[in-house]
Amino acid sequence: MSERISRRVAAVPPSGIRKFFDIAATMKDVISLGIGEPDFVTPDVIRQAGMASLTRGETRYTSNSGIYELRRAIIEKWAALYGVEYHPENECLITVGGSEALYLVLTAILNPGDEVLIPEPCFVSYEAEVVFAGGTPVPIATQVETLFQVTGAQLEAAVTPKTKAILINYPNNPTGAILTREYMTEIAAVAAKHDLIVISDEIYDRLIYAGQQHITFSSLPGMRDRTVIIGGFSKDYAMTGWRLGFALGPADILAAMRKIHQYTIMSASTTAQVAAITALTDPAAEDAVLAMRESYDTRRKLIVGGLGSIGLTAFEPRGAFYAFPDIRVSGMTSDEFAMTGGEGYVRMCYATAQSQIEEALERMRRFVQRHG
Ligand code: PLP
């Protein structure tokens, strides 16, 4: 047996972020701004709901699509917040994190060689997941000049007869960029012209600052039928370890995704699903989301101001919980600086204690002084 591992899988390098964590793990007294997850414990009311479900003995599989009441709660929330209606029966699927939803949609729509346009910098998993699903990722570099938004012209220039989909993520990991209606309209025009599917990863939808409002991509005229929304509980509700997410989209694509999910996963965690109903419907959970958002906002201002004062210009992130400073003043490559990120920039997650952010800024100030 000469090749034990499939070429498709062997071709994907291990995650660069892991390399950085492995190095950090060998050092003493490291302040990590590396991990992209909330530093909060899941709000108490949500944890209580999970525990109560276990106490009631709810330990079996749920329906493949997920608990109906949870699907209905997601749909009602999406309609109330963003004005787009979905049907709980066939346009919503509960998944193991947004990660599973992403994997399912790519596997459901791609034939070998189909191309997926991916604005970069982007979440580390996108390119690998496209390759695992048999497709070809086509990265498109976004620029700080357009506030890391992808333009219609950039997409248009990258479209070929093999292009099948555009994969966007706003609020964005790692830049913290959000997408204005103007740019969304440009993306929508390219999708409509070339009959493309839009996968819109909106996992940070509630984490948006500076008086901005999230706009769901499917609310744009003509986009509902060609858009699959990826959502989740990890970030907005500080539930990364519960592994719960969802997809919203047209019934034909959702049915194909459900088929893969049925055969590979069956159903997401029952406990997590029950807890998520409380996350969406209990006013105490909503209060907790707003309080966490306010806390991230305070830290966002602290890190952006601090980076500016040590000469690392940070584009103002208005979503998610990442700052993305320009580190070229240090004279180093991104890999040398932090071993991650789009070239010339590094990602810093500010979902970290304020005192740690302050100490990290002080250390970076000394570091930049030594190398600048
Ligand atoms: N999408 C983006 C942009 C992310 O940053 C992440 C996590 O970091 C995910 C999806 C996956 O989230 P989860 O699978 O925990 O829902």
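The values are calculated or read from the model by the stated rules, or taken from the named source; none is laboratory data. Predicted model, so just to flag it, every value in this text is computed and none were measured. Note that we place each Cβ from the backbone using ideal geometry, even for glycine, and neighbour counts take in every protein chain shown. Only protein heavy atoms, including side chains, enter the accessible area calculation; ligands, DNA and RNA are left aside. Shrake-Rupley method; radii C 1.70, N 1.55, O 1.52, S 1.80 Å.
Residues checked against (1) more than 10 Å from the ligand (Cβ to nearest atom); (2) farther than 30 Å from P43 by Cα; (3) without any contact (Cβ under 8 Å) to a residue 24 or more places away in the chain:
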{"residue": "K235", "(1), (2), (3)": "no, no, no"}
{"residue": "R243", "(1), (2), (3)": "no, no, no"}
{"residue": "A247", "(1), (2), (3)": "yes, no, no"}
{"residue": "D252", "(1), (2), (3)": "yes, yes, yes"}
{"residue": "M257", "(1), (2), (3)": "yes, yes, no"}
{"residue": "S269", "(1), (2), (3)": "yes, no, no"}
Next on the checklist: Looking at E100, E91, can you tell me which residue is among the acidic types (D, E), open to solvent by less than 30 Å² (accessible area, probe 1.4 Å), farther than 16 Å from L280 by Cα and within 12 Å of the ligand (Cβ to nearest atom)?
Outcome noted: E100
Checklist entry - Hey, among F148, F132, which residue is touching a Ser or Thr at 6+ places or on another chain (Cβ under 6 Å) and either within 24 Å of I109 (Cα to Cα) or touching a residue at least 60 places away in the same chain (Cβ under 8 Å) (or both)? => result F148
Item to check | Count of the stretch 26-82 residues which are free of Cβ contacts under 8 Å to residues at least 12 places away in the same chain, open to solvent by 50 Å² or more (accessible area, probe 1.4 Å), assigned by TED's automatic domain parsing to the domain that holds N173 and not in a helix (DSSP H, G or I) | outcome: 1
Next on the checklist: Among (1) touching a His at 6+ places or on another chain (Cβ under 9 Å); (2) open to solvent by 50 Å² or more (accessible area, probe 1.4 Å), there is one condition F132 misses while meeting the rest; what is its number?
Outcome noted: (1)
Item to check | Any chance T264 is without any contact (Cβ under 8 Å) to a residue 24 or more places away in the chain, touching a helix residue (DSSP H, G or I) at 6+ places or on another chain (Cβ under 9 Å) and either within 16 Å of the ligand (Cβ to nearest atom) or at negative phi (or both) | outcome: yes
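Okay, residues lined up against (1) touching a helix residue (DSSP H, G or I) at 6+ places or on another chain (Cβ under 6 Å); (2) modelled with pLDDT of 95 or more; (3) not assigned by TED's automatic domain parsing to the domain that holds Q262:
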site	(1), (2), (3)
E100	no, yes, no
T107	yes, yes, no
V138	yes, yes, no
E145	no, no, no
I178	no, yes, no
E186	yes, yes, no
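Being more than 30 Å from I94 (Cα to Cα) and either in a helix (DSSP H, G or I) or more than 16 Å from the ligand (Cβ to nearest atom) (or both) is the requirement here; does V304 meet it? Reasoning before the result, please.
Values: more than 30 Å from I94 (Cα to Cα): yes; either in a helix (DSSP H, G or I) or more than 16 Å from the ligand (Cβ to nearest atom) (or both): yes.
Here the answer is yes, as V304 does meet what is asked.
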Item to check | Matching residues in the stretch 166-203 - criterion: being free of Cβ contacts under 8 Å to residues at least 60 places away in the same chain and of a type in the set (D, E, K, R) | outcome: R181, E182, E186, K193, D195, E202
Next on the checklist: Quick check on my filter: what residues within the stretch 103-153 are small (G, A, S) and either over 20 Å from T175 (Cα atoms) or within 12 Å of the ligand (Cβ to nearest atom) (or both)?
Outcome noted: A108, G113, S125, A133, G134, G135, A153
Checklist outcome for this item: Exactly one of A153, A191, A158, A165 is within 22 Å of L102 (Cβ to Cβ) and open to solvent by 10 Å² or more (accessible area, probe 1.4 Å), and that residue is A158
Item to check | All positions within the stretch 292-328 that are touching a His at 6+ places or on another chain (Cβ under 9 Å) and open to solvent by 50 Å² or more (accessible area, probe 1.4 Å) | outcome: none
Checklist entry - Any idea which of (1) within 27 Å of G241 (Cβ to Cβ); (2) outside any loop (DSSP other than H, G, I, E, B) is the one P119 doesn't satisfy? => result (1)
Next on the checklist: Quick test of your reading of the structure: R206 fulfils all but one of (1) surrounded by 17 or more Cβ atoms within 10 Å (Cβ to Cβ); (2) basic (K, R); (3) over 17 Å from the mean Cα position of the chain (by Cα). Name the failing condition by number.
Outcome noted: (3)
Next on the checklist: Take the conditions over 23 Å from N172 (Cα atoms) and part of a helix (DSSP H, G or I) and apply them to A291. Does it pass?
Outcome noted: no
